[in-house]
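Novice: Here it is: the structure, laid out below.
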Amino acid sequence: MINTAPTEVTRNARPFLHGPEAAAMNDALQAGQYGHSSRVEEFEHAVADYLGVPDMVAVASGTAALQLALLAAGTGPGDEVIVPSQTFCASVHAILATGARPRFIEINPHTLCIDEDQVRAAITPATRAVLPVLYGGRAVDLSALHDTLESQGISVVQDAAHAFGSRSGTTLVGAQPGVLTCFSFGPIKNLTCGQGGGIIPRTTAEADALRGLRSLGITQSQQERAAATTYSVHGFGLRATMSDLNAAIGLVQLQHFATVAAKRKALWTSYATRLKPLTGVALVDVDVEHTVPFNCVVHIPDRDRVFRELRRRGIGAGVHYPPNHTQPAFQAWNRPLPVTEESGRHLMSLPFHPAMSDDDVRHVVSVLAHALPQEDACGAC
Ligand SMILES: *Cc1c(COP(=O)(O)O)cnc(C)c1O
């Protein structure tokens with residue numbers, strides 16, 4: 001069959017450019033300071049101002065943000081980090097990179113997020129951190145566990161890779177007190193730098209520690225180093241700084257973020273309305289009132305066949321994510337997680353990015369309706 005799908009639905013996700021990114025990139029290229037720069041610091045201040053927090057530490061990726069945040073929280077060999085199996089594998093690699101091990105837990109299948117009871121039941125004497133994943137951009141509120149966690153020296157390091165711009169109640173994600181927040185500014189995230197990540201530290205001491213960790217343990221600034229015959233390495237560190245080139249993109253994207261946030265909310269709402277008549281389809285609820293949705297995920301019967309049919313019809317369906325506890329690399333930490341396994345067999349992400357129109361949504365839903373097992377499609381289709 002000829003692929004007649006509108007072009008914007010062929011990809012599951014893609015970056016959205018506002019225009020001035022190209023000129024900003026060119027300025028950065030000409031300036032010739034491609035590592036850490038004053039522009040990176042400008043981006044840090046701009047994000048911190050947007051969130052209403054004192055500081056943000058920019059890093060090379062969301063994965064690096066998680067690894068460094070866990071290290072800053074004292075995570076290391078012998079420690080356990082509680083994490084949902086339902087996440088991108090980057091969350092798990094960040095834990096392993098510190099020498100700690102993941103303790104996989106279940107999710108609520110309606111939100112694909114963890115809740116406090118699952119966390120409480122998984123705490124052991126080895127637990128050093130809890131890593132909630134803000135799936136789809138939805139905030140995870142563990143404040144009821146605050147005293148329990150604090151008394152046992154357990155940090156909350158949240159994987160907010162999906163959740164830039166979302167709120168927990170009235171508080172922006174990243175501004176919740178006592179939580180280390182990690183954002184990804186990767187290509188398809190709500191706010192993109194091309195590549196990049198950011199950490200919202202809990203204290204100024206933690207911010208200093210993170211700045212050492214991201215720059216090979218060297219704390220002097222670029223200017224100080226240029227004017228001296230030596231530098232000192234104060235502790236362990238990685239090369240995980242954000243590039244000036246990426247900050248140039250991020251600054252433009254942040255200026256236009258309100259447009260993207262509104263667009264994402266409208267798209268998700270349009271999907272929710274149009275999917276309602278499909279009786280076999282269960283939409284994962286992102287709490288759109290408080291959330292800047294990262295994606296649009298459904299549970300469907302006969303997922304693998306429907307997925308293939310959508311792909312055949314030019315629709316960029318995706319699966320986010322196959323569970324981690326059954327991945328070969330993470331076998332050592334496998335435990336039975338029936339809810340995650342069942343959900344993982346049925347979930348599918350529909351094309352979702354700011355360049356899509358309402359017509360694109362209508363097209364995707366109509367192809368989906370025809371691809372479903374007949375008794376699960378609506379009578380009207
Ligand atoms: C994208 C993502 C990451 C990793 O971010 P990168 O910037 O790609 O390193 C981590 N966790 C989740 C849930 C993600 O979606």
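The values are calculated or read from the model by the stated rules, or taken from the named source; none is laboratory data. What you are looking at is a predicted structure, and each value in this text was computed from that prediction instead of being measured. Glycine also receives a Cβ, built like all others from the backbone with ideal geometry; neighbour counts cover every protein chain displayed. Ligands, DNA and RNA are stripped out before the accessible areas are found, and what is left, the full protein with its side chains, is counted by its heavy atoms. Shrake-Rupley method; radii C 1.70, N 1.55, O 1.52, S 1.80 Å.
Novice: Restrict the check to the range 48-68 and report whether at least one residue is over 27 Å from Gln255 (Cβ atoms), of a type in the set (Ser, Thr, Tyr) and within 16 Å of the ligand (Cβ to nearest atom). Break it down stepwise before answering.
Specialist: Of the residues in the range 48-68, the ones over 27 Å from Gln255 (Cβ atoms) are 67.
Filter once more, keeping what is of a type in the set (Ser, Thr, Tyr): none.
No, because not a single residue in the range 48-68 is over 27 Å from Gln255 (Cβ atoms), of a type in the set (Ser, Thr, Tyr) and within 16 Å of the ligand (Cβ to nearest atom).
Novice: When the range 213-222 is examined, which residues are found to be at positive phi and either open to solvent by 80 Å² or more (accessible area, probe 1.4 Å) or of a type in the set (Gly, Ala, Ser) (or both)? Lay out the reasoning, then the answer.
Specialist: Going through the range 213-222, the residues at positive phi turn out to be 216-217.
Within the range 213-222, just Gly217 meets the criteria.
Novice: Taking the range 217-261 only, how many residues are farther than 13 Å from Gly35 by Cα and in a loop (DSSP other than H, G, I, E, B)?
Specialist: 15
Novice: Going by what's in this entry, would Val173 be described as of a type in the set (Val, Ile, Thr), within 16 Å of the ligand (Cβ to nearest atom), farther than 21 Å from Asp55 by Cβ and modelled with pLDDT of 95 or more?
Specialist: Details: of a type in the set (Val, Ile, Thr): yes; within 16 Å of the ligand (Cβ to nearest atom): yes; farther than 21 Å from Asp55 by Cβ: no; modelled with pLDDT of 95 or more: yes.
Judged against the criteria, Val173 is not a match.
Novice: What residue, of Pro354, Pro373, is open to solvent by less than 60 Å² (accessible area, probe 1.4 Å) and at pLDDT below 95? Walk me through it before giving the result.
Specialist: Values: Pro354 fails: at pLDDT below 95.
One residue alone meets the criteria, Pro373.
Novice: Within the range 308-317, how many residues turn out to be assigned to a helix (DSSP H, G or I) and either open to solvent by 60 Å² or more (accessible area, probe 1.4 Å) or in contact with a Pro (Cβ under 7 Å, 6 or more places away or on another chain) (or both)? Steps first, please.
Specialist: Filtering the range 308-317 for residues assigned to a helix (DSSP H, G or I) gives 308-312.
Next cut, either open to solvent by 60 Å² or more (accessible area, probe 1.4 Å) or in contact with a Pro (Cβ under 7 Å, 6 or more places away or on another chain) (or both) only: 308, 311-312.
Result for the range 308-317: 3.
Novice: Oh, and also: How many of the residues making up the range 115-151 are under 21 Å from the mean Cα position of the chain (by Cα) and hydrophobic (A, V, I, L, M, F, W, C)?
Specialist: 9
Novice: Restricting attention to the range 341-381, report how many residues are among the acidic types (Asp, Glu) and free of Cβ contacts under 8 Å to residues at least 40 places away in the same chain.
Specialist: Within the range 341-381, the first condition is being among the acidic types (Asp, Glu), and the residues that meet it are 341-342, 358-360, 375-376.
Pick out the ones that are also free of Cβ contacts under 8 Å to residues at least 40 places away in the same chain and you get 341.
Going through the range 341-381 one residue at a time, the tally reaches 1.
Novice: Select, from Arg239, Arg225, the only residue that is touching a strand residue (DSSP E or B) at 6+ places or on another chain (Cβ under 8 Å), surrounded by fewer than 22 Cβ atoms within 10 Å (Cβ to Cβ) and at pLDDT below 95.
Specialist: Exactly one of Arg239, Arg225 is touching a strand residue (DSSP E or B) at 6+ places or on another chain (Cβ under 8 Å), surrounded by fewer than 22 Cβ atoms within 10 Å (Cβ to Cβ) and at pLDDT below 95, namely Arg225.
Novice: Also, I was wondering about something else. Can you pull out every residue in the range 318-334 that is within 19 Å of Glu80 (Cβ to Cβ) and in a helix (DSSP H, G or I)?
Specialist: Ala329, Phe330, Gln331, Ala332, Trp333
Novice: In the range 106-133, which residues are within 16 Å of the ligand (Cβ to nearest atom) and touching a strand residue (DSSP E or B) at 6+ places or on another chain (Cβ under 6 Å)?
Specialist: The answer is Ile107, Ile114, Ala129, Val130, Leu131, Pro132, Val133.
Novice: Given the conditions (1) outside any helix (DSSP H, G or I); (2) loosely packed, with under 14 Cβ neighbours inside 10 Å, and given that Glu342 satisfies all but one, which numbered condition is not satisfied?
Specialist: The failed condition is (1).
Novice: A further question follows. Could you give every pair whose Cβ atoms fall below 6 Å, whose first residue belongs to the range 79-97 and is over 24 Å from Gly153 (Cβ atoms), and whose second residue is within 12 Å of the ligand (Cβ to nearest atom) and of a type in the set (A, V, I, L, M), counting only separations of at least 6 or pairs across chains?
Specialist: Close Cβ pairs (under 6 Å, with a partner that is within 12 Å of the ligand (Cβ to nearest atom) and of a type in the set (A, V, I, L, M)) amount to Gln86/Leu112.
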